Amino acid sequence: MFVTGVGMAKIDRHYDKGFQELVHMAVKNLVNDVKLFSPEAIVVGNMMSSSLFQQDSLAALVADAIGLRGRGGFKVEAACGSGGHAIAAGYALVASGLYNQVLVIGVEKMSDYPTTTTTAALAQAADFEHEAIYGTSFVALNALVMRLYMHRYEAKREDLAIWPVRMHEHGSQNPYAQLRNKITVEDVLKSAVIADPIRLMDSSPIGDGAAAVLLASEDVAGKISDTPIQIVGVGMGSDGLDLASREDLLNPMSVRIAAEKAYKMAGVGPRDIDVAEIHDAFTITALLSIEGLGFAELGESWKLIKDGRFAAGDKPSINLSGGLKARGHPVGATGVYQVAEIAMQLRGDFPGVKVGKADYGLAMNTGGVATLTTVTILKR
Amino acid sequence: MRMSPARIWRERGARYRLEGSKCRKCGRVFYPPKPACPYCGSLEVEKVELPKRGKVISYTIEYTVPEGYRHLAPLIIALIELENGVKVLAPLTDVKPDEVYIGMPVEATLRRIWEESDEGLIVYGIKFTPAIP
C-alpha cells in the first residue's frame, strides 16, 4: 500500500469557497504531484457538513468538484478524527483488493458562522445527552482534563505554554499553515481565557481546508509516482464517549490501542519514528498524544518539551507543520493533512521545516477528547 | 438545538434522580447509565440510584459558551467524584467561579438546564451546589 500523491489547500477563512472549491484546490495540487490520476473510488473525511451545512452525500458533491462523476464513495465521520479514519477506510478498500487506486479527501468548512455556532457543532463530538446538554463546550471538556493534568503532575501554567510557541515557530515556515505569526510564552499567558485553564493560544484556530491523498496498491503505485511512500501500519482505537465513565482521563486508551496496533503491524516501536504529526487541538491534547504514543512516560511529556525534546532535529521531530495549533485544524480534514505532510517529509519535499533524512513517519489523529483515534505509520 | 418530549422523558432517570448502572457480573457502578458494562463488557446491568454528595476532582470556568447557554456564562462545569467513587460530569450552581477548588464538597440539586424558548420545551436535570463538609 502506497501514498502515491498528495495535495493540500492553504488553511484559511475561505469565505469565497464552498466544499467543492476547497476540494478542487487540493486535488489540483495532487494532480500536479502524480504521473497518472484515475482514482476508482472516493473516501471523504468530514465532520460537520451535516450539522452546519445541512449537506449529506458528500462523496457525490466532491466527485463533481473534481470531474469524477460515476466513482463510488462515502463520507467518514469520526469528529475531529474523521480524516485519519478516512485514510483507514481508503486503506481497507485498496488492501481488500476491491480497488487499486482510491482518493482520500479531507474537507471542512468552519468559518462561515459565528464562533458560538461552530462551537455548538463541535460540541457534538462529546456525549450530547450527558455533557453537551449542560452547555459544555468541547473546549471545556479539554479544560477539565488540562486542570487535572496540571494538578496531578504539578505542571505550571507557563510550562504548558511552550508547546504553542513552538508550533507557531514551525508554522511560520509552512506555506499551507493558517497561522504564520510567531508568539511568545507571555502572549499565550495573556491571551483570552476560553474555558479556564485553556486560553485562546492553547487552542487550534477555526479555519477551512481540504487535503487529498492518493492511495494505491503495489501493482500500480509505480505508474502513478516515482517516489511512492509505503503505509506500513494502521491502527484504530476508542474510549468512552463520555468523560465521566472513563478509567483515567490522563491515560488515553484510544491512542494507546491505535498505536499498539500500528506499531505491531509496522514491526517498529516509538524509538524508530523519525518524524510525527500528532493531534494537538489544545496544548493538553499534545501532551496526552505524546504520552499515549509512547514517546514519553505518563506525566513526563511536559518536562521533556521544556527540555527542548521533540523539536526540529530531535527524534522524533513532532509537528514540523506547526500542528493543529498553527498549521490549522479544519477538523475533518486534519488527519489527511497529516498523512500528506508525513509523506512529503519522507520524500524530502515538504515545503516547511524539514526533518532531514528519515525512514519512518507517524500520523496520529483523534476525534473527541481522544475518543476515536487513528495512527498511521509510513515508511520511505 | 432540537429537543423532543420523548428524548427528555427517556433520560429522566439519569437526569432527575442521578441513576447510574451497576454491572451484574463485575459489580462496578458507573454514570451515565449504559446498557452494557464499559469495563468488563457484560451485557447484564441494572439501574441504581447514586449518592447525591461528592467532591470536585476537576473543573473549568467556561467563558465562550454554545448558543442557548449564553445567559448562564460563565458556566462552571465540574467532574465530581461521588461518595461511592462514581464520577459524574455536571454544572455547578450557586457558587462563584473563584470559590471553586479541587476537593470542594458538593451535593446534587434539581435545576432547569435548558429551555427551547419562553413557551417551548424545558429540560431539567442535576446540577451540584457547594455542600457543608
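Taking the stretch A:76-129, which residues are farther than 23 Å from A:LEU241 by Cα and out of contact with any strand residue (DSSP E or B) (no Cβ under 7 Å at 6 or more places or on another chain)?
Result: A:ALA92, A:ALA95, A:SER96, A:GLY97, A:LEU98, A:ASP112, A:TYR113, A:PRO114, A:THR115.
What are the residues in the stretch A:1-24 that are within 18 Å of A:ALA63 (Cα to Cα) and buried (at least 22 other Cβ atoms within 10 Å of the Cβ), if any? Outline the logic, then answer.
Filtering the stretch A:1-24 for residues within 18 Å of A:ALA63 (Cα to Cα) gives A:5-9, A:17-24.
Residues satisfying the conditions are A:GLY5, A:VAL6, A:GLY7, A:MET8, A:ALA9, A:PHE19, A:LEU22, A:VAL23.
Can you find a residue in the stretch B:45-64 that is in contact with a Cys (Cβ under 8 Å, 6 or more places away or on another chain), within 11 Å of chain A (Cβ to nearest Cβ) and either modelled with pLDDT of 95 or more or farther than 17 Å from B:ARG15 by Cβ (or both)?
To start, the set of residues in the stretch B:45-64 that are in contact with a Cys (Cβ under 8 Å, 6 or more places away or on another chain) comprises B:45.
Retained after the next criterion (residues that are within 11 Å of chain A (Cβ to nearest Cβ)): none.
So far as the stretch B:45-64 goes, no, none of its residues is in contact with a Cys (Cβ under 8 Å, 6 or more places away or on another chain), within 11 Å of chain A (Cβ to nearest Cβ) and either modelled with pLDDT of 95 or more or farther than 17 Å from B:ARG15 by Cβ (or both).
Looking at (1) touching a residue at least 12 places away in the same chain (Cβ under 8 Å); (2) more than 7 Å from every other protein chain (Cβ to nearest Cβ); (3) polar (S, T, N, Q), which is the only condition B:SER117 fails?
(1)
Taking the condition of being assigned to a loop (DSSP other than H, G, I, E, B), open to solvent by 30 Å² or more (accessible area, probe 1.4 Å) and of a type in the set (A, V, I, L, M), how many residues in the stretch B:82-133 meet it?
Residues meeting the conditions: 3.
Just for the stretch A:128-138: of the residues that are more than 7 Å from chain B (Cβ to nearest Cβ) and touching a helix residue (DSSP H, G or I) at 6+ places or on another chain (Cβ under 9 Å), which one is nearest to A:VAL193 (Cα to Cα)?
A:PHE138
Within the stretch A:99-120, take every residue that is in contact (Cβ under 8 Å) with a residue 24 or more places away in the chain and at the interface with another protein chain (Cβ under 9 Å from one of its Cβ atoms) and give me the one that is nearest to B:GLY125 (Cα to Cα).
Keep residues of the stretch A:99-120 that are in contact (Cβ under 8 Å) with a residue 24 or more places away in the chain, which gives A:99-113, A:115, A:117-118.
Still in the running and at the interface with another protein chain (Cβ under 9 Å from one of its Cβ atoms): A:115, A:117.
Details: A:THR115: 27, A:THR117: 24 Å.
My answer is A:THR117.
Does the stretch B:10-24 include one or more residues that are of a type in the set (Ser, Thr, Tyr) and open to solvent by 50 Å² or more (accessible area, probe 1.4 Å)?
yes
Within the stretch B:35-68, can you find the residues that are of a type in the set (Val, Ile, Thr) and within 22 Å of B:GLU19 (Cα to Cα)?
Across the stretch B:35-68, the qualifying residues are B:VAL45, B:VAL48, B:VAL56, B:ILE57.
Filter the stretch A:251-294 down to residues that are over 20 Å from the mean Cα position of the chain (by Cα) and either within 28 Å of A:MET150 (Cβ to Cβ) or of a type in the set (D, E, K, R) (or both) and give me whichever is least open to solvent (accessible area, probe 1.4 Å).
Ranking the qualifying residues of the stretch A:251-294, first place goes to A:ASP272.
Of the conditions (1) open to solvent by 10 Å² or more (accessible area, probe 1.4 Å); (2) farther than 17 Å from A:ALA161 by Cβ; (3) not in a helix (DSSP H, G or I), A:LEU320 clears all except one; give me its number.
Every condition holds for A:LEU320 apart from (1).
Quickly run through the stretch A:169-193 and pick out the residues that are more than 12 Å from A:GLY352 (Cβ to Cβ) and not polar (S, T, N, Q).
Of everything in the stretch A:169-193, those that are more than 12 Å from A:GLY352 (Cβ to Cβ) and not polar (S, T, N, Q) turn out to be A:LEU179, A:LYS182, A:ILE183, A:VAL185, A:GLU186, A:ASP187, A:VAL188, A:LEU189, A:LYS190, A:ALA192, A:VAL193.
Considering only the stretch B:65-81, how many residues are closer than 16 Å to A:ALA126 by Cα, part of a strand (DSSP E or B) and at the interface with chain A (Cβ under 7 Å from one of its Cβ atoms)?
2
Those residues that are assigned to a strand (DSSP E or B) and either out of contact with any helix residue (DSSP H, G or I) (no Cβ under 7 Å at 6 or more places or on another chain) or within 14 Å of chain B (Cβ to nearest Cβ) (or both), I need them from the stretch A:226-267; list them, please.
Within the stretch A:226-267, A:GLN230, A:SER238 meet the criteria.
Scan the stretch A:72-110 for residues that are under 19 Å from A:PHE19 (Cα atoms) and surrounded by fewer than 19 Cβ atoms within 10 Å (Cβ to Cβ) and jot them down.
Result: A:GLY72, A:PHE74.
Go through the stretch A:190-222 and report how many residues are touching a Lys or Arg at 6+ places or on another chain (Cβ under 7 Å) and either surrounded by 22 or more Cβ atoms within 10 Å (Cβ to Cβ) or more than 14 Å from chain B (Cβ to nearest Cβ) (or both).
Of the residues in the stretch A:190-222, 3 are touching a Lys or Arg at 6+ places or on another chain (Cβ under 7 Å) and either surrounded by 22 or more Cβ atoms within 10 Å (Cβ to Cβ) or more than 14 Å from chain B (Cβ to nearest Cβ) (or both).
Within the stretch A:21-44, is there a residue that is of a type in the set (Lys, Arg) and part of a helix (DSSP H, G or I)?
yes
What are the residue pairs meeting all of these: first residue in the stretch A:125-152, first residue under 24 Å from B:HIS71 (Cβ atoms), second residue among the polar types (S, T, N, Q), Cβ atoms under 6 Å, and 6 or more apart or on different chains?
So the pair list comes out as A:SER137/A:THR119; A:ALA140/B:THR60; A:ALA143/B:THR60; A:LEU144/B:SER58; A:LEU144/B:THR60.
With surrounded by fewer than 18 Cβ atoms within 10 Å (Cβ to Cβ), aliphatic (A, V, I, L, M) and in a helix (DSSP H, G or I) as the only criterion, which of A:LEU304, A:LEU298 stands out?
A:LEU304 is the lone residue from the list that is surrounded by fewer than 18 Cβ atoms within 10 Å (Cβ to Cβ), aliphatic (A, V, I, L, M) and in a helix (DSSP H, G or I).
Please find, among B:LYS52, B:LYS34, the residue that is without any contact (Cβ under 8 Å) to a residue 24 or more places away in the chain and buried (at least 16 other Cβ atoms within 10 Å of the Cβ). Let's see the steps before the verdict.
Values: B:LYS52 fails: without any contact (Cβ under 8 Å) to a residue 24 or more places away in the chain.
Matching residue, one of B:LYS52, B:LYS34: B:LYS34.
The values are calculated or read from the model by the stated rules, or taken from the named source; none is laboratory data. Keep in mind that what you see is a predicted model, and the values were worked out from it rather than measured. Methodologically, a virtual Cβ is constructed for each residue, glycine included, from the backbone with ideal geometry; neighbour enumeration extends over all protein chains shown. The accessibility values were calculated without ligands, DNA or RNA, using every heavy atom of the protein model including side chains. Shrake-Rupley method; radii C 1.70, N 1.55, O 1.52, S 1.80 Å.
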